[in-house]
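Reading through the structure tokens given below for one structure.
Only the coordinates and a few stated rules stand behind these numbers; no lab work does. Note that the coordinates shown come from a computational prediction; the quantities given were computed from them, not determined experimentally. A quick note on method: Cβ atoms are made from the backbone with ideal geometry, for glycine too, and the neighbour counts reach across all protein chains shown.
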């Protein structure tokens, strides 16, 4: 986009005059005498603003406006129509086609430049952003469905499950529009809208209510409460979307309108009179004061224009054919959008009754028509000043309330965030301290706790070796008990250290062969007890993904248990390591034909220090399976067991998806 | 007689157990004991004593200078650079093992609780490293 103002007008005088005015204001211009030149200039880049005449030698300016609006590059470029056309219909046509401004000829170049500057400011601040929608419904399903639909359409969505929560979220988030269910437990949709309208910071927020029933009563209730639109819940969601879009568009337009009429912008006056001569004379005089005058020849024309363009004051002839001044005034003052526009009734020779009727219809002032416009100009200034004063006051009030609400919301957010941050930091510090403590604890356990055990075991052994002959069996038995105790304690410490290390150790997952590791572990067990009649069977596909060192620990425990609990078998020991596919997952298992266990105790198997057998029956620390479970969980897998007393046990485990292993900590 | 093993060990029990194990294994070595890292470093400075020294049995967790510090100084000293050092300690923490080898330990042995294993290990250490570093 260029910074240039494109001026399309067939009159060289006008082009030069406007160029001088814009140059003086520091703006560059590009001059086009007809549409062909304008179209060619467009090929060199979109201008910042276009000033466009309607009647051009090679076509209609309004048609060119349509072309601009259909072009992606200029869809939002401000366009100021500049036309000598007396017909108000052309003015309405241009504005409806998307003109941002319409100035009649003869024009005041200072006014045109001022309007152009205002439009440029507006287009800079009016950058579009995704509107935020608050959805309030007690049904999570409906809420999620709607939120998804809205999200897909590019809206930002917040949700609330009740009217109370909705009010809080509305105050915090200040959404661009709200969709609220009419029927909810707690406060109803209608109550919600009423409360919303009471909050000055939130009252302009467009609100769409969802009604459940067919009946007109609930729709009336919705509108009565102040909702801007309603949709029945059984209607398609597309209707909700369409209504929402329309609501947002209206809100945007009304914002634009109020923004367009800035306090210090040049004023636009609508003069309504059936006498064209009087209108011309009036316009001539008002232009001297820097006003832009829009001329309407009837009440109907005036109303039509007011529906598309905002003015700062209306001068209305009391006596007109067609719609009378009184009736026109009533209509204007009866419209909520126009009520605040000052209206001055122009009277000729009518009796006081007509004047009173005009005032009763809502006119702000009346002025007797005369060739001397001084009184009218003074009255007009007074009305504009009053209007400006009111607008200023209202704007200041609104600004204060808006700022206040924003500050409140920002502060609440910041407080909550700060508190959360403090909590998270505290927790992190605590965790770090605990972790450090745990590490130094494990370190000192491994260093210091084993030494006394070595003394007990070592000196008992020396005593047995050296003085075994000098003491009786009982004394020797006690010394053996001391040694057994020390060694058991040593095994417990080793087990605990392994368990704590497994929790903290880095996990590196790579392809492994569970069968190969099992064979290695089994061979070690066999070497320790070569006399036993035993065999290891490897069945199925035993390839997997995991940390080889940790999986070896798992298999040492599972095969070690299988070996241990088959130790009293009369039949030959058979240990099987195999795999099955289950729910798209490879499940490995270690099966033995040992003593098994009661399934009642299956849930106790994996807790640390849980033992299903006495030390007398089978030695053990009760930490092995806890370690195994922790390793499997860190891989993102599961472990469980199946057994029957006297018929062996089977331990199943999976190793999780490779992706889950990285995330699992 | 010249001492030929330097035992760096703060626990009197472990010291006695090592001596018992060596005696049981029939290794008639003279053992000098340092109770902390400073004592050990002081002995390293005695060139005459170091000339006869055949190995160091080094615990890692000793007061003042720890075992790693002592190991660094042994490797930094010309008189002891080639002296075999066996780390003989309670720790089986991976990082300790890696660090010891990095700093130039010849062997890392974890002290077993069971005295039968303990004396086996000491016997093997004594035989192997003493034999390897026999002074002619």
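Odds and ends about this structure:
- Projected label distance in nm at residue A:238 and residue A:353, using a 7 Å step from Cα toward the beta-carbon: 5.9 nm
- Tail beyond 23 Å, pair distance distribution of the range A:1-126 (Cα, percent): 20 percent
- Cα shape, the protein assembly as shown, gyration tensor, a/c 1.5 rule: prolate
- Sequence of A:100, A:71 once ranked by neighbouring C-beta atoms within 10 Å, starting from the fewest: A:71, A:100
- If the chain linking residue A:476 and residue A:602 were pulled fully straight, counting 0.36 nm for each residue of separation and taking away their Cα-Cα distance, it would gain 41.4 nm.
- Cα long-axis angle, helix A:140-152 against chain A (0 to 90 degrees, to the nearest 10): 60 degrees
- Take each residue in A:440-453, count the other chain C-beta atoms within 10 Å of its C-beta, and the mean is 4.
- Simple spin-label estimate for residue A:395 and residue A:220 gives 4.1 nm between the two label positions (7 Å along the Cα-to-Cβ direction from each Cα).
- Mean Cα-pair separation over length for the range A:132-260, i.e. relative contact order, pairs under 8 Å, 6 or more apart, %: 20 percent
- Considering only the range A:482-589, percent of DSSP beta bridges that pair antiparallel, nearest 5: 65 percent
- Shape class of the range A:412-569 from the alpha-carbon gyration tensor: oblate, with a/c at 1.5 or above and b/c at least as large as a/b.
- In plain terms, the residue of A:32, B:107 with the fewest other Cβ atoms within 10 Å comes first and the most crowded comes last, giving B:107, A:32.
- Among beta bridges that DSSP assigns inside chain A, antiparallel share in %, nearest 5: 30 percent
- Residue-averaged beta-carbon neighbours from other chains (10 angstrom radius) around B:89-96: 5
- The overall shape of chain B, judged from the alpha-carbon gyration tensor, is rounded, with an a/c ratio under 1.5.
- Across chain B, Cα pairs under 8 Å and at least six residues apart give a relative contact order of 26 percent.
- Our helix-only sum for the protein assembly as shown, with -39,500 (n - 2.57) per DSSP H run of n ≥ 4 divided by its residues, gives a mean residue ellipticity at 222 nm of -16500 deg cm²/dmol.
- For the range A:454-520 versus the range A:582-657, the inter-centroid distance based on Cα atoms is 23 Å.
- Principal-axis tilt of helix A:514-528 within chain A, Cα atoms, nearest 10 degrees: 30 degrees
- Efficiency of FRET from Cβ geometry, residue A:644 and residue B:19, R₀ 56 Å, rounded to 0.05: 0.55
- The relative contact order of chain A comes to 6 percent, based on Cα pairs under 8 Å that sit 6 or more residues apart.
- FRET E, pair residue A:39, residue A:337, Förster distance 41 Å, beta-carbon r, rounded to 0.05: 0.65
- If the chain linking residue A:609 and residue A:516 were pulled fully straight, counting 0.36 nm for each residue of separation and taking away their Cα-Cα distance, it would gain 30.5 nm.
- Per-residue mean of C-beta atoms belonging to partner chains within 10 Å, peptide B:107-114: 5
- Principal-axis analysis of the Cα atoms of chain A puts helix A:163-173 at an angle of about 80° to the longest axis.
- Pair residue A:618, residue A:156: separation of 7 Å Cα→Cβ label points (nm): 6.1 nm
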